[in-house]
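Notes follow once the structure below has been shown.
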Amino acid sequence: MFGRRANARVKIETERLILRPPVARDFDAWSTLRRDSRSFLTPWEPTWSRDHLTLRAFRNRVVWADRMIRQGDALPLLLTLKDSGEIVGGITLSNVRRTPAQSATLGYWTGAVHARQGFMAETIIKLRDYAFAQMDLSRIEAACLPENAPSRKLLEKCLFKYEGVAQAYLQINGRWRNHVLYAALREDRRGRVDEAEE
C-alpha cells in the first residue's frame, strides 16, 4: 500500500532481500555501514551534512520516510538480507508526481562490502515492477555521473534507457555536476517501429 492509506509497513521481497522503510532501531547498523562505506559513496553523493551519521539526524530520516509514504510523495526503503536482516543499502523513489505525469525519480546506494553482488539490480528490477503495477506510475527516472560506469551499466541492465545529459543537475561532493539521464517506462516503445507504420 502506498499513499493516503499507506503506513510504514510497506514490505517488498526479492529473491534475497526485504525492502522496507527505516525504523529507529536501524540506526546502529545503518550508521556503521554508511561510515565504513564513506570513501566508496561520497564521490557519487551530495556532500554529507555534519550531522549525517548522528542518531538525531537518523530519527528525522525515519519520521520523514513515514510521512512521505503516508502522503504518497516518496518511497524510501532499506535493503535488508532475508536470512540475517543485515542492511545492504538503500533505495528511494522520490518526487512522485501524479496526473498527468505519473512519474518518480530513483536514487540508490549500496554499502561497499555489499557492492557488485547483484543486490541493487535485484532491487531496482523489483521496485520498478512494483512502481508500475502497485503505484500506477508510468515513468521512473534516474541520473548518475557520466563517469560512474558501474551505475550506468546497472541501470541499463535494469532496462533503463539513456535519454541525454542534464547540465549542472546536482551538487555532488560539493560541486555542481552534469548527469546522464535514464528512464524506464511502463509501456516502453522507444526504439520500436510504431504498429501503424509497419
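The values are calculated or read from the model by the stated rules, or taken from the named source; none is laboratory data. Keep in mind that what you see is a predicted model, and the values were worked out from it rather than measured. Don't worry about glycine lacking a Cβ; one is built from the backbone with ideal geometry, like all the others, and counts go over all protein chains shown. Protein only, heavy atoms only, side chains kept; ligands, DNA and RNA dropped before computing areas. Shrake-Rupley method; radii C 1.70, N 1.55, O 1.52, S 1.80 Å.
Observations, loosely collected:
- Checklist (1) closer than 26 Å to residue 175 by Cα; (2) small (Gly, Ala, Ser); (3) in contact with a Gly (Cβ under 7 Å, 6 or more places away or on another chain) applied to residue 74, failing item: (3)
- Residue 34 in contact with a Lys or Arg (Cβ under 8 Å, 6 or more places away or on another chain), in a helix (DSSP H, G or I) and among the basic types (Lys, Arg): no
- Whichever residue in the stretch 139-169 is free of Cβ contacts under 8 Å to residues at least 12 places away in the same chain and open to solvent by less than 80 Å² (accessible area, probe 1.4 Å) and, among such residues, is nearest to residue 104 (Cα to Cα): 168
- Selection count where residues are under 21 Å from residue 94 (Cβ atoms) and in a helix (DSSP H, G or I), scope the stretch 142-165: 4
- Residue in the stretch 78-90 that is open to solvent by less than 10 Å² (accessible area, probe 1.4 Å), at negative phi and assigned to a loop (DSSP other than H, G, I, E, B) present: no
- Yes/no for residue 94 being in a strand (DSSP E or B), open to solvent by less than 90 Å² (accessible area, probe 1.4 Å) and among the hydroxyl-bearing types (Ser, Thr, Tyr): yes
- The residue of the stretch 98-134 that is most open to solvent (accessible area, probe 1.4 Å), among those that are closer than 15 Å to residue 184 by Cα and over 15 Å from the mean Cα position of the chain (by Cα), is 133.
- Within the stretch 64-92, residues that are farther than 22 Å from residue 111 by Cα and of a type in the set (Asp, Glu) sit with their Cβ atoms under 8 Å from residues that are open to solvent by less than 10 Å² (accessible area, probe 1.4 Å) and not in a helix (DSSP H, G or I), at 6+ positions apart or across chains, in these pairs: 66/21.
- Where a residue in the stretch 47-59 is without any contact (Cβ under 8 Å) to a residue 40 or more places away in the chain and its partner, wherever it lies, is outside any loop (DSSP other than H, G, I, E, B) and open to solvent by 70 Å² or more (accessible area, probe 1.4 Å), with Cβ under 8 Å and at least six apart: 48/38; 53/35
- Among the residues here, residue 134 qualifies as at pLDDT below 95 and either at negative phi or of a type outside the set (Phe, Trp, Tyr) (or both).
- Exactly one residue out of 168, 112, 142, 184 is in contact with a Phe, Trp or Tyr (Cβ under 6 Å, 6 or more places away or on another chain), among the aliphatic types (A, V, I, L, M) and at positive phi: that is 168.
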